[in-house]
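The values are calculated or read from the model by the stated rules, or taken from the named source; none is laboratory data. Nothing here was measured: the structure is a model prediction, and the numbers come from that model. Quick reminder, even Gly has a Cβ in these numbers, built from the backbone with ideal geometry, and neighbours come from all protein chains shown. Areas reflect the complete protein model, heavy atoms only, side chains present, ligands, DNA and RNA absent. Shrake-Rupley method; radii C 1.70, N 1.55, O 1.52, S 1.80 Å.
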Amino acid sequence: MPREANTESELNALMEGYLDGRIAAFDALYDALAARLRGYLLSLCRDATLADDLLQDTFMQLHRSRRTYQPGRPVTPWVYAIARHVYLMQRRTAGRRLRLEERAAADMRTSDLPHDDERALADADAIRRALRGVPADQRAALVMHHVHGRSFAEIAARLGIRVNAAKTRAFRGMRKMREQLK
């Protein structure tokens with residue numbers, strides 16, 4: 001195992017070697033920075049497994065961003081900024097996932113309530129009554145489009161009418177149904 005590079009000038013030399021395409025320079029850079037970066041990431045996330053994952057993501061991002069490094073500039077602050085950015089991106093992603101999962105769980109809890117079932121049945125009954133009040137030709141186009149998901153071209157072919165007539169019938173049927181529901 002190579003000796004750890006401790007000084008910024010040694011890190012600069014390793015980074016410049018890596019930029020020149022020397023894989024051994026990257027390996028040495030990894031050996032020099034990995035333990036310190038892991039400690040930093042562990043202090044941010046307080047989870048050893050996550051810190052290991054973030055460390056790998058940091059070095060992947062370092063590889064992707066290597067062309068943004070300016071030779072002669074300190075390597076350590078640049079790498080730590082990448083590590084912090086990787087950590088923050090992980091937090092944002094985890095936060096979005098958590099909010100989405102909480103929202104889905106809340107939806108599941110509220111949808112199981114009996115009064116929702118009763119309300120759904122009442123709504124379905126009201127829709128059936130309103131649909132009965134729509135003229136038959138409009139009702140046919142409305143149901144084919146909005147319930148069965150058919151295109152207006154399919155509806156026109158099935159009913160033996162023009163496409164514009166199918167659109168008009170479905171639109172007028174929906175308008176009539178809305179009036180019935182009010």
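Does ARG91 satisfy the condition of being more than 30 Å from LEU42 (Cβ to Cβ), open to solvent by 40 Å² or more (accessible area, probe 1.4 Å), assigned to a helix (DSSP H, G or I) and modelled with pLDDT of 85 or more?
Numbers: more than 30 Å from LEU42 (Cβ to Cβ): no; open to solvent by 40 Å² or more (accessible area, probe 1.4 Å): yes; assigned to a helix (DSSP H, G or I): yes; modelled with pLDDT of 85 or more: yes.
For ARG91, the condition - more than 30 Å from LEU42 (Cβ to Cβ), open to solvent by 40 Å² or more (accessible area, probe 1.4 Å), assigned to a helix (DSSP H, G or I) and modelled with pLDDT of 85 or more - is not met.
What pairs come up if the first residue lies in the stretch 53-65 and is under 18 Å from ILE23 (Cβ atoms), the second is of a type in the set (Phe, Trp, Tyr) and part of a helix (DSSP H, G or I), and their beta carbons are under 7 Å apart, counting only those six or more places apart or on different chains?
The qualifying pairs are PHE59/TYR30.
Keeping to the stretch 154-173, report how many residues are assigned to a helix (DSSP H, G or I) and either in contact with a strand residue (DSSP E or B) (Cβ under 6 Å, 6 or more places away or on another chain) or surrounded by fewer than 15 Cβ atoms within 10 Å (Cβ to Cβ) (or both).
Filtering the stretch 154-173 down to residues assigned to a helix (DSSP H, G or I) leaves 154-159, 163-173.
Subsequent filtering for residues that are either in contact with a strand residue (DSSP E or B) (Cβ under 6 Å, 6 or more places away or on another chain) or surrounded by fewer than 15 Cβ atoms within 10 Å (Cβ to Cβ) (or both) retains 157-158, 163-164, 171.
The qualifying residues number 5.
Search the stretch 111-148 for residues being small (Gly, Ala, Ser) and either under 12 Å from MET174 (Cβ atoms) or surrounded by 12 or more Cβ atoms within 10 Å (Cβ to Cβ) (or both), and hand back the single one that is modelled with the lowest pLDDT. Walk me through how you get there before you give the answer.
Of all residues in the stretch 111-148, those small (Gly, Ala, Ser) come to 111, 120, 122, 124, 126, 130, 133, 136, 140-141.
From what is left, the residues that are either under 12 Å from MET174 (Cβ atoms) or surrounded by 12 or more Cβ atoms within 10 Å (Cβ to Cβ) (or both) are 126, 130, 133, 140-141.
On the way: ALA126: 83, ALA130: 86, GLY133: 88, ALA140: 91, ALA141: 91.
Ranking the qualifying residues of the stretch 111-148, first place goes to ALA126.
Take ALA81 and tell me if it is more than 30 Å from ALA157 (Cα to Cα), open to solvent by 40 Å² or more (accessible area, probe 1.4 Å), assigned to a helix (DSSP H, G or I) and of a type in the set (A, V, I, L, M).
Values: more than 30 Å from ALA157 (Cα to Cα): yes; open to solvent by 40 Å² or more (accessible area, probe 1.4 Å): yes; assigned to a helix (DSSP H, G or I): yes; of a type in the set (A, V, I, L, M): yes.
Yes.
Which residue pairs have Cβ atoms closer than 6 Å, lie 6 or more positions apart in sequence or on different chains, and pair a first residue in the stretch 129-158 that is among the basic types (Lys, Arg) with a second residue that is at pLDDT 90 or above and open to solvent by 70 Å² or more (accessible area, probe 1.4 Å)?
Hits for this filter: zero, empty list.
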